1. Could you pull out every residue, at least 5 positions away or on a different chain, whose amide H is within less than 5 Å of the one on I66? Hs are placed 1.01 Å off N in the peptide plane, and Pro or chain starts have none.
2. Output the Cα-based Rg and Dmax of the range 7-70 in Å, rounding Rg to one decimal and Dmax to a whole number.
3. If we count every other residue with Cβ under 14 angstrom of K29's Cβ, Lys/Arg +1 and Asp/Glu -1, where does the sum land?
4. Express the accessible area of the chain per residue in Å², computed with a 1.4 Å probe while the remaining protein chains stay in the model.
5. Calculate, in nm to one decimal, what K23 and T43 gain on full extension: separation in residues at 0.36 nm each, minus their alpha carbon distance.
6. Consider all pairwise Cα distances in the chain and report the whole-number % of them above 16 Å.
7. Give me the angle, in degrees from 0 to 90, between the Cα long axis of helix 2-13 and the longest principal axis of the Cα atoms of the chain, rounded to the nearest 10.
8. With angles folded into 0 to 90 degrees, how steeply does helix 102-113 sit against the dominant principal axis of the chain? Use alpha carbons for both and round to 10.
Amino acid sequence: MVIGERIKQARINQGLTQEDLGKALNVSKVSICGYEKGTRTPTMENFMKLIEILECDPNYLLGRDIEAKVENKKVTLLKEDIKIIRELKKHNELYYKIISDPVRTIELIRRRIK
């Protein structure tokens, strides 16, 4: 159901009606309604067109991300990003070093890996 909710939200964000989106995809308004309710699934071709028309990331439509606002800008975090943050938080000393000076700490880690 995440995909349908995301399609609907992205459509609204673009200021499109279901009919507008249907015309752009060359499908009926009923199909768009079905996508949004989760009773229909867009073909791969239509999914790719949705990404272009709605100007969004495929991971967003698939529910593989988390949107956050940082300094009044939208930032998209993938589930992999969240996984890294959770692992870092298990290691307090490293976590706080990265927070206090991320560029220097990551450079030190990078040098060590070489």
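1. L77, L78
2. 11.5, 38
3. +2
4. Accessible surface, normalised per residue, equals 76 Å².
5. Full extension from K23 to T43 adds 5.6 nm.
6. Tail of P(r) above 16 Å: 68 percent of Cα pairs.
7. 80
8. So the helix axis and the longest Cα principal axis differ by about 80 degrees.
The values are calculated or read from the model by the stated rules, or taken from the named source; none is laboratory data. Predicted, not measured: the structure shown is a model, and the values here were computed from it. So basically every Cβ, Gly included, is an ideal-geometry build from the backbone, and we count neighbours across all protein chains shown. Keep in mind that these areas ignore ligands, DNA and RNA; they rest on the heavy atoms of the full protein, side chains included. Shrake-Rupley method; radii C 1.70, N 1.55, O 1.52, S 1.80 Å.
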